Amino acid sequence: MDVDTAAPAAQVSIKHGLPEIEIYCYLLVLIFLFDNKKYDEVCLGFSSTLLFVGKHTNLNFVYQAKTCAAASIARLKSLNRRTVDVLASRLYSYYSYVHELTNTLAEIRGTLLALHRMATLHHDELGQETLLNLLLRNYLHYNLYDQAEKLRSKAPRFEAHSNQQFCRYLFYLGKIRTIQLEYTDAKESLLQAARKAPTTARGFRIQCNKWGIIVRLLLGEIPERTVFMQKGMKAALTPYFELTNAVRVGDLELFRSVADKFSSTFSADRTRNLIVRLRHNVIRTGLRNISISYSRISLADIAKKLRLNSENPVADAESIVAKAIRDGAIDATIDHANSCMVSKETGDVYSTNEPQIAFNSRIAFCLNMHNEAVKALRFPPNSHKEKESAEKRRERLQQEEELAKHMAEEDDDDF
């Protein structure tokens with residue numbers, strides 16, 4: 001009888017290998033190239049590392065991270081297996097990261113959008129989550145905040161599968177909200193991202209705290225000192241600590257010197273434009289301190305104390321005071337005849353509505369916490385139906401007992 005000869009094991013594994021093994025080999029090679037910092041350069045290596053991916057044996061080959069990432073993405077597009085979703089999400093991250101390191105992020109935006117569409121059609125929620133964050137990072141890298149918000153608002157919503165990806169999403173959402181002047185929502189997103197981030201992700205937590213500090217300053221709040229003294233973050237947050245001190249004091253000259261001193265740091269963190277917005281807050285804080293200290297002061301002295309370096313400082317001081325009075329930052333009036341500001345006497349705070357407002361906010365906070373706790377409670381399924389059936393069963397037993405007692409009485413009477 002003729003017997004077919006079996007093919008060598010090596011050839012079978014190469015020809016009919018699992019796609020998961022192939023994708024895993026791509027991932028290993030990418031990590032190897034990243035460790036050797038061969039992003040856009042050619043790298044000479046031994047082919048046994050790419051025995052399955054490169055289909056070579058005992059030959060040297062030339063490879064680079066960009067080419068490897070592009071090849072892995074091209075291979076992923078031809079697959080539709082849920083078993084490679086986790087590996088695919090890692091490859092998406094490395095694919096975007098290598099282009100970010102080589103300053104070519106704009107070239108892959110169309111590819112990322114196509115991959116996100118493919119992940120949505122395949123119901124790959126982990127891939128959607130990863131690719132959405134990569135697209136948001138891509139848009140924010142080029143300051144395309146409007147396009148990032150349009151993509152975020154129209155992307156499908158689902159429950160987060162990865163805590164790390166959810167933290168990144170909250171951080172990008174906080175940055176978008178900050179640029180759009182929605183400081184309250186931005187503060188919540190940034191604080192939540194910093195709290196949910198792993199303790200080992202120190203760089204990410206530092207970035208969250210930097211943006212969170214700026215947003216709180218823009219809201220008129222002064223961050224606590226403990227924020228700047230966190231373990232491993234003191235040196236990185238020193239520029240923002242000095243900036244907070246300048247805003248707290250209301251010294252415009254000190255604010256300018258801090259902004260100039262750490263201008264390179266603020267530019268690297270992409271917070272320089274936000275710090276420009278803080279100038280108005282510094283002026284308002286200084287003006288509030290002046291109104292508390294003086295019952296009557298000339299506009300020229302206000303301009304001198306605020307250190308307004310302009311062509312007509314008195315007119316600028318008058319407009320600043322008028323705007324602060326209109327916004328309710330200070331309780332004063334302007335005497336235009338004598339060019340001075342007259343502060344009203346501060347009466348008893350308990351005669352105003354401030355205690356009622358503070359008490360109402362605390363009550364609302366407690367009620368919201370109670371409602372959220374009630375919503376989070378877990379009840380056994382069909383508990384209301386079980387309660388109804390128990391009542392019916394009790395009624396039925398009671399009726400049976402009455403019927404048995406009635407029948408027993410009739411038997412006694414017959415006897």
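The values are calculated or read from the model by the stated rules, or taken from the named source; none is laboratory data. Given the structure is predicted, the values throughout are model-derived calculations rather than measurements. Because the Cβ atoms are built from the backbone with ideal geometry, glycine has one as well, and the counts that use them run over all protein chains shown. With ligands, DNA and RNA removed, areas are computed over all heavy atoms of the protein, side chains included. Shrake-Rupley method; radii C 1.70, N 1.55, O 1.52, S 1.80 Å.
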Query raised in the report: When you count, for each residue, the other Cβ atoms within 10 Å and take the mean per peptide, how do 182-190, 114-122, 230-238, 358-366 rank with the highest first?
Result: 182-190, 114-122, 230-238, 358-366
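Go through LYS323/LYS344; LYS154/LYS375; LYS187/LYS344 and tell me which ones have a Cα-Cα distance over 22 Å in this structure.
Details: LYS323/LYS344 16 Å; LYS154/LYS375 28 Å; LYS187/LYS344 34 Å.
Cα-Cα > 22 Å for LYS154/LYS375; LYS187/LYS344; rest within.
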Report task. Using a 1.4 angstrom probe on heavy atoms only, work out the carbon and sulfur share of the accessible area of region 110-247 in %. Result -> 51
Query raised in the report: What fraction, in whole percent, of alpha-carbon pairs in region 176-248 exceed 13 Å separation?
Result: 63
Report task. With a probe of 1.4 Å, find how much accessible area region 251-315 has per residue, and write the answer as a whole number in Å². Result -> 56
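I'd like to check one number: the per residue accessible area of region 84-166, probe 1.4 Å, reported in Å² as a whole number.
Per residue, region 84-166 has an accessible area of 48 Å².
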Query raised in the report: On average over all directions, what projected area in square nanometres does region 158-200 have, based on the convex hull of its Cα atoms?
Result: 3.1
